[in-house]
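Worksheet: the structure to be examined is printed underneath.
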Amino acid sequence: MPARMEEALKKLIKCKFDASFMSNTKWRKVFTVLSVVPLKQAFWKYVDLDFELRSCFVDESDLMDRFIGDCGLAGAPLAYRRIEWVEIPRVGVDPCYENIPHMNFEQDVDRVVSILKSTGEFELEQTERGVRIYGHKKIGI
């Protein structure tokens with residue numbers, strides 16, 4: 001990421017959020033330790049977007065020092081710093097079969113939480129869909 005874009009991202013994060021919980025190393029740790037859980041889908045919220053994206057979960061082979069490689073998430077490498085949160089749903093929905101419930105698949109969110117709690121300090125939140133892992137957060141909301 002060019003220095004100018006990196007600085008703009010840092011400024012945006014400072015303006016929008018009260019707390020940042022993750023470093024590049026911590027994000028890599030999350031994605032690495034969760035590679036033992038067969039996760040197919042996640043919801044991604046980026047600091048510079050007002051909406052979430054449903055996409056694949058990260059494969060360990062896509063992890064780079066400061067970025068997630070081009071794995072289809074954003075069409076290009078994704079800076080870890082840009083991740084506001086990642087939410088892993090209990091029930092994944094195949095985009096090709098949105099309206100066919102028996103094509104949905106379960107993801108072991110309880111195992112995800114157990115692994116993360118035994119690995120380190122992460123800002124986790126149980127949601128109606130599953131579990132959310134925060135990179136940045138507005139406190140008090």
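Points to keep in mind about this one:
- Where a residue in the stretch 116-135 is surrounded by fewer than 15 Cβ atoms within 10 Å (Cβ to Cβ) and at pLDDT 95 or above and its partner, wherever it lies, is outside any strand (DSSP E or B) and not hydroxyl-bearing (S, T, Y), with Cβ under 6 Å and at least six apart: T119/V33
- Residue count, the stretch 1-17 (criterion: under 14 Å from W85 (Cα atoms) and either out of contact with any Ser or Thr (no Cβ under 7 Å at 6 or more places or on another chain) or basic (K, R) (or both)): 2
- The strands (runs of 3 or more DSSP E) falling completely within the stretch 83-139 that include 1 or more residues that are basic (K, R) map to 130-134.
- Enumeration of residues in the stretch 44-61 that are out of contact with any His (no Cβ under 7 Å at 6 or more places or on another chain), within 19 Å of E125 (Cα to Cα) and in contact (Cβ under 8 Å) with a residue 12 or more places away in the chain: W44, K45, Y46, E52, L53, R54, F57
- Residues being buried (at least 20 other Cβ atoms within 10 Å of the Cβ), in a helix (DSSP H, G or I) and hydrophobic (A, V, I, L, M, F, W, C) are represented in the stretch 14-30 by at least one member.
- Within the stretch 41-70, considering residues that are assigned to a strand (DSSP E or B) and among the hydroxyl-bearing types (S, T, Y), the one farthest from C15 (Cα to Cα): S55
- Qualifying residue in the stretch 78-93 (condition: buried (at least 16 other Cβ atoms within 10 Å of the Cβ), under 20 Å from M22 (Cα atoms), at pLDDT below 90 and touching a Gly at 6+ places or on another chain (Cβ under 9 Å)): yes
- Residue in the stretch 55-72 that is surrounded by 12 or more Cβ atoms within 10 Å (Cβ to Cβ), of a type in the set (K, R) and more than 24 Å from V113 (Cβ to Cβ) present: yes
- Test for E52: is it touching a strand residue (DSSP E or B) at 6+ places or on another chain (Cβ under 7 Å) and surrounded by fewer than 11 Cβ atoms within 10 Å (Cβ to Cβ): no
- Scanning the stretch 32-43 for residues that are crowded, with 20+ Cβ neighbours inside 10 Å and either free of Cβ contacts under 8 Å to residues at least 12 places away in the same chain or over 22 Å from M103 (Cα atoms) (or both) yields a total of 1.
The values are calculated or read from the model by the stated rules, or taken from the named source; none is laboratory data. These figures come from a predicted structure and were not determined experimentally. Don't worry about glycine lacking a Cβ; one is built from the backbone with ideal geometry, like all the others, and counts go over all protein chains shown.
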